[in-house]
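**Q** Can you read through this structure? Questions will come right after.
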Amino acid sequence: MNMHDPRPTKANATHGGRSIHPGSGRRKTRETPKGRQVDPVALEEVRALLGDRPRRPDLLIEHLHLLQDRYHCLHARHLAALAHEMKLALVEVYEVASFYAHFDIVMDDEPAPPPVTVRVCDSLTCAMMGAERLLAELKNTLEPNVRVVRAPCMGACHNAPATAIGHALHEHATLESVRAAVAKGDTHPHVPDYKDFERYRSEGGYTLLTECLDGKRQVEDIIKTLEDSNLRGLGGAGFPTGRKWRFVRAEPAPRLMAINADEGEPGTFKDRHYLETDPHRFLEGMLIGAWAVEAEAVYVYLRDEYPHIREILLAEIPKVQGAGLARHTQIHLRRGAGAYICGEESAMLESIEGKRGLPRHKPPFPSQVGLFGRPTLINNVETVFWVRDIVEKGPEWWASHGRNGRKGLRSFSVSGRVKDPGVKLAPAGITIRELIDEYCGGMAEGHTFKAYLPGGASGGILPASMDNIPLDFGTLEPHGCFIGSAAVVVLSDKDDMREVALNLLKFFEDESCGQCTPCRVGTEKAVHLMEQPRWDESLLNELTKVMTDASICGLGQAAMNPVKQVLKHFRDDLAVAPSGTTTPAPGKPARY
């Protein structure tokens, strides 16, 4: 064949006039496989860190935590090694590691962050108590030897402002206290005094569970008692607990149970209170639930902002298992990684499975197709906390509490401008005025009651003039609000409602999972509009409608509630212009 023959050969084919394999006509062999190569040293470091732990995909987040804790970041070489060791595609590891706020990916040609990170909460109550000023002061005095970053709610609203130094939560934080803690290396969890296994059992604890496991109690009787008490899910949704247990039990086995301990709603800290004071009352209720629905395993999903509670559970769960009280199920403690969206039940299930916390479309509901595709009972911490008391004391005991025609007890997380903030166990149906005066010692000195959030960041905002509404499920909805997890933030005449709403929308913007366009783009556009000197009310109303109607989950559906309520009740803070747009009124307090 003439070497100058223009006709293509198999070895030197052309496509569109371009040579596919130019030169010698032979395919060039790569010296290494495509993609990032696995560093042998990094692989050995990963293997040493994992030890004999299983390499299952659902443990990916747990293994990422091991790397983050050991190296204070996630080096790219370790991520490649982890993907190789777990037999996962590298993109699977990266998409999970980049989704969660508490993971820090560092490329191999980049410097690692300082070994100590100080996170400063910038959510509403902490912002009211000076978090922005504290953040700026810490950046000016601690960097570059210490990394200082802003962070969302840490469940310490009653002790604001809050910071996390490494794995240690520091409350009532000041520049001096944080600097002193950093200097001492105070970065490990502070475990408080709590009722441990021995004390709990000496006071009658686990008697009810033992009766259940020994056949002295019948499942139907337990479920009927919960139904008669009208105990509802206390994580926010308010679904009747007994009915949920019955629905899950009716599904075909095998079944699972998941506990949502990821209370990330700004203003909420009640689950923290119960877990760090009386954890076994929660564990007993959880194990009774697992017995009732015959769940083969229970997964406790705990938010990463509560490292001290993780230490408590790591110490106490083995005691329960050692006593044979969990012989009917397996208990798995899973650690969140800083994602508010994982408080949504289906996003939590995705995270437990080792994936990004993206909410699932419904139906099917988790009670039918839940964790690992199995029917799953999902309960909030406080919900199962009350199971023992309701069964032992009877449904009438629970129903005997309440005011203004409502029944039951509610644990209100109260923060803001009151003298005595904290978790307040009060009758369901109590009004905000009664809650402030009877349980919180009244308003803080120098503050006049102006407004309140009855259900955290997404529950809306009401003016002080509407202080006689019973706080319970179903009572606030006619006013465009809801009680949710009963996170009550009290505002005063010192607070600018425009800035309050903007703070809340920035939180939703940061915490949107990004899966659906209405929420991902809508929160960003809302923040942009609200940062302008004049609010474009018509555009904000359009955004509200689209986000409420089209978002996949409750984050996007409820994100605009603060905006709607501020426009409705606090127009004086906005000084509405004749054109329908708004502008801030003169002489208002400076931004938080």
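**Q** Looking only at region 538-573, count every residue that is open to solvent by 30 Å² or more (accessible area, probe 1.4 Å), more than 14 Å from G480 (Cα to Cα) and not basic (K, R) and tell me the total. Spell out the reasoning first.
**A** From region 538-573, those open to solvent by 30 Å² or more (accessible area, probe 1.4 Å) are 538-539, 541-543, 545-546, 548-550, 552, 554, 557, 564, 568-569, 571-572; that's our starting set.
Filter once more, so that each one left must be more than 14 Å from G480 (Cα to Cα): 538-539, 541-543, 546, 549-550, 552, 554, 571-572.
Next, from what is left, pick out any that are not basic (K, R): 538-539, 541-543, 546, 549-550, 552, 554, 572.
Residues flagged as open to solvent by 30 Å² or more (accessible area, probe 1.4 Å), more than 14 Å from G480 (Cα to Cα) and not basic (K, R) within region 538-573 amount to 11.
**Q** Given (1) open to solvent by 10 Å² or more (accessible area, probe 1.4 Å); (2) at pLDDT 95 or above, identify the lone condition not met by Q532.
**A** Here Q532 clears every test but (2).
**Q** OK, next. What number goes with the only condition from (1) open to solvent by 10 Å² or more (accessible area, probe 1.4 Å); (2) assigned to a loop (DSSP other than H, G, I, E, B) that R498 does not pass?
**A** (2)
**Q** Another one. Say we look at region 339-356 and pick out the residues that are assigned to a loop (DSSP other than H, G, I, E, B) and touching a Phe, Trp or Tyr at 6+ places or on another chain (Cβ under 7 Å); which of these is farthest from D104 (Cα to Cα)? Break it down into steps so the answer makes sense when it comes.
**A** Looking only at region 339-356, we keep the residues that are assigned to a loop (DSSP other than H, G, I, E, B), and these are 339, 344, 353-356.
Okay, now just the ones that are also touching a Phe, Trp or Tyr at 6+ places or on another chain (Cβ under 7 Å), so 339, 353, 356.
Details: A339: 14, E353: 21, R356: 15 Å.
If we take residues in region 339-356 being assigned to a loop (DSSP other than H, G, I, E, B) and touching a Phe, Trp or Tyr at 6+ places or on another chain (Cβ under 7 Å), then E353 is farthest from D104 (Cα to Cα).
**Q** Would you check if A399 is open to solvent by 20 Å² or more (accessible area, probe 1.4 Å), within 30 Å of V293 (Cβ to Cβ) and touching a helix residue (DSSP H, G or I) at 6+ places or on another chain (Cβ under 7 Å)?
**A** Working: open to solvent by 20 Å² or more (accessible area, probe 1.4 Å): yes; within 30 Å of V293 (Cβ to Cβ): yes; touching a helix residue (DSSP H, G or I) at 6+ places or on another chain (Cβ under 7 Å): yes.
It is true that A399 is open to solvent by 20 Å² or more (accessible area, probe 1.4 Å), within 30 Å of V293 (Cβ to Cβ) and touching a helix residue (DSSP H, G or I) at 6+ places or on another chain (Cβ under 7 Å).
**Q** Of the residues that make up region 130-142, is at least one surrounded by fewer than 20 Cβ atoms within 10 Å (Cβ to Cβ), touching a residue at least 60 places away in the same chain (Cβ under 8 Å) and assigned to a helix (DSSP H, G or I)?
**A** For region 130-142, residues surrounded by fewer than 20 Cβ atoms within 10 Å (Cβ to Cβ), touching a residue at least 60 places away in the same chain (Cβ under 8 Å) and assigned to a helix (DSSP H, G or I): present.
**Q** Look through K494, K545, K525 and report the one residue that is in contact (Cβ under 8 Å) with a residue 24 or more places away in the chain and farther than 30 Å from T383 by Cβ. Full working, then the answer.
**A** Values: K545 fails: in contact (Cβ under 8 Å) with a residue 24 or more places away in the chain; K525 fails: in contact (Cβ under 8 Å) with a residue 24 or more places away in the chain.
Answer to the selection: K494.
**Q** Can you tell me which condition T207 does not meet? The list is (1) of a type in the set (V, I, T); (2) more than 31 Å from the chain's Cα centre (by Cα); (3) over 22 Å from R327 (Cα atoms), and all the others hold.
**A** All conditions are met except number (3).
**Q** Going through V381, V414, V387 one at a time, which residue ends up being in contact with a Cys (Cβ under 9 Å, 6 or more places away or on another chain) and either surrounded by 24 or more Cβ atoms within 10 Å (Cβ to Cβ) or touching a residue at least 12 places away in the same chain (Cβ under 8 Å) (or both)?
**A** Testing whether each residue is in contact with a Cys (Cβ under 9 Å, 6 or more places away or on another chain) and either surrounded by 24 or more Cβ atoms within 10 Å (Cβ to Cβ) or touching a residue at least 12 places away in the same chain (Cβ under 8 Å) (or both) leaves just V414.
**Q** Let me ask something additional. Consider K450 against the criteria (1) in contact with a strand residue (DSSP E or B) (Cβ under 6 Å, 6 or more places away or on another chain); (2) more than 16 Å from T268 (Cα to Cα); (3) part of a loop (DSSP other than H, G, I, E, B): it satisfies all of them except one. Which criterion is unmet?
**A** Of the numbered conditions (1) in contact with a strand residue (DSSP E or B) (Cβ under 6 Å, 6 or more places away or on another chain); (2) more than 16 Å from T268 (Cα to Cα); (3) part of a loop (DSSP other than H, G, I, E, B), the odd one out for K450 is (3).
**Q** Let me ask another. Which of the residues that make up region 174-194 are touching a helix residue (DSSP H, G or I) at 6+ places or on another chain (Cβ under 6 Å) and farther than 22 Å from G130 by Cα?
**A** P189, H190, V191, P192, Y194
**Q** Only residues that are touching a Phe, Trp or Tyr at 6+ places or on another chain (Cβ under 6 Å) and of a type in the set (S, T, N, Q): list them for region 261-314, please.
**A** Answer for region 261-314, where residues must be touching a Phe, Trp or Tyr at 6+ places or on another chain (Cβ under 6 Å) and of a type in the set (S, T, N, Q): just T277.
**Q** In region 417-440, how many residues are open to solvent by 50 Å² or more (accessible area, probe 1.4 Å), farther than 20 Å from C481 by Cα and either assigned to a loop (DSSP other than H, G, I, E, B) or in contact (Cβ under 8 Å) with a residue 24 or more places away in the chain (or both)?
**A** The qualifying residues number 3.
**Q** Does H84 qualify as being in contact (Cβ under 8 Å) with a residue 40 or more places away in the chain and under 25 Å from I165 (Cα atoms)?
**A** Values: in contact (Cβ under 8 Å) with a residue 40 or more places away in the chain: yes; under 25 Å from I165 (Cα atoms): no.
No: the conditions fail for H84.
**Q** With respect to K393, determine if the residue is within 26 Å of E276 (Cα to Cα) and free of Cβ contacts under 8 Å to residues at least 12 places away in the same chain. Step through it out loud before you land on a result.
**A** Numbers: within 26 Å of E276 (Cα to Cα): yes; free of Cβ contacts under 8 Å to residues at least 12 places away in the same chain: yes.
For K393, the condition - within 26 Å of E276 (Cα to Cα) and free of Cβ contacts under 8 Å to residues at least 12 places away in the same chain - is met.
**Q** Residues to consider are E511, E542; find the one that is charged (D, E, K, R) and under 26 Å from F412 (Cα atoms). Spell out the reasoning first.
**A** Numbers: E542 fails: under 26 Å from F412 (Cα atoms).
Of the residues listed, the single one that is charged (D, E, K, R) and under 26 Å from F412 (Cα atoms) is E511.
**Q** Shifting gears a bit: Quick one: A457 ticks every box in (1) open to solvent by less than 40 Å² (accessible area, probe 1.4 Å); (2) in a strand (DSSP E or B) bar one, so which box is it?
**A** For A457, the failing item is (2).
**Q** Suppose we filter R249, R255 for residues that are at pLDDT 95 or above, among the basic types (K, R), open to solvent by less than 20 Å² (accessible area, probe 1.4 Å) and over 30 Å from L476 (Cα atoms); which single one remains?
**A** On the way: R249 fails: open to solvent by less than 20 Å² (accessible area, probe 1.4 Å).
One residue alone meets the criteria, R255.
**Q** If you don't mind, there's one more thing I want to ask. Could you tell me whether any residue of region 322-332 is surrounded by fewer than 24 Cβ atoms within 10 Å (Cβ to Cβ) and within 30 Å of G514 (Cβ to Cβ)? Break it down into steps so the answer makes sense when it comes.
**A** Just the residues of region 322-332 that are surrounded by fewer than 24 Cβ atoms within 10 Å (Cβ to Cβ), to begin with: 322-332.
Those left that are additionally within 30 Å of G514 (Cβ to Cβ): 332.
Yes, region 322-332 has at least one match.
**Q** Can you work out which of the residues in region 462-494 that are surrounded by fewer than 24 Cβ atoms within 10 Å (Cβ to Cβ) and of a type in the set (D, E) is farthest from R232 (Cα to Cα)?
**A** Looking at residues that are surrounded by fewer than 24 Cβ atoms within 10 Å (Cβ to Cβ) and of a type in the set (D, E), I get D493.
**Q** Is there a residue being without any contact (Cβ under 8 Å) to a residue 60 or more places away in the chain, under 26 Å from L60 (Cα atoms) and not in a loop (DSSP other than H, G, I, E, B) anywhere in region 321-329? Reasoning before the result, please.
**A** Of all residues in region 321-329, those without any contact (Cβ under 8 Å) to a residue 60 or more places away in the chain come to 321-322, 324, 326.
Then keep just the ones that are under 26 Å from L60 (Cα atoms); that gives 321, 326.
Pick out the ones that are also not in a loop (DSSP other than H, G, I, E, B) and you get 321.
Yes: region 321-329 contains one or more residues that are without any contact (Cβ under 8 Å) to a residue 60 or more places away in the chain, under 26 Å from L60 (Cα atoms) and not in a loop (DSSP other than H, G, I, E, B).
**Q** If you don't mind, there's one more thing I want to ask. Given the criteria buried (at least 20 other Cβ atoms within 10 Å of the Cβ) and either more than 26 Å from F269 (Cα to Cα) or at pLDDT below 95 (or both), does V106 qualify? If you could, list the steps in order and put the result at the bottom.
**A** On the way: buried (at least 20 other Cβ atoms within 10 Å of the Cβ): no; either more than 26 Å from F269 (Cα to Cα) or at pLDDT below 95 (or both): yes.
When the stated conditions are applied, V106 does not pass them.
The values are calculated or read from the model by the stated rules, or taken from the named source; none is laboratory data. Since the structure is predicted, the reported quantities are computational estimates derived from the model, not experimental observations. Because the Cβ atoms are built from the backbone with ideal geometry, glycine has one as well, and the counts that use them run over all protein chains shown. Please note that ligands, DNA and RNA were not included when accessible areas were found on the heavy atoms of the full protein model with its side chains. Shrake-Rupley method; radii C 1.70, N 1.55, O 1.52, S 1.80 Å.
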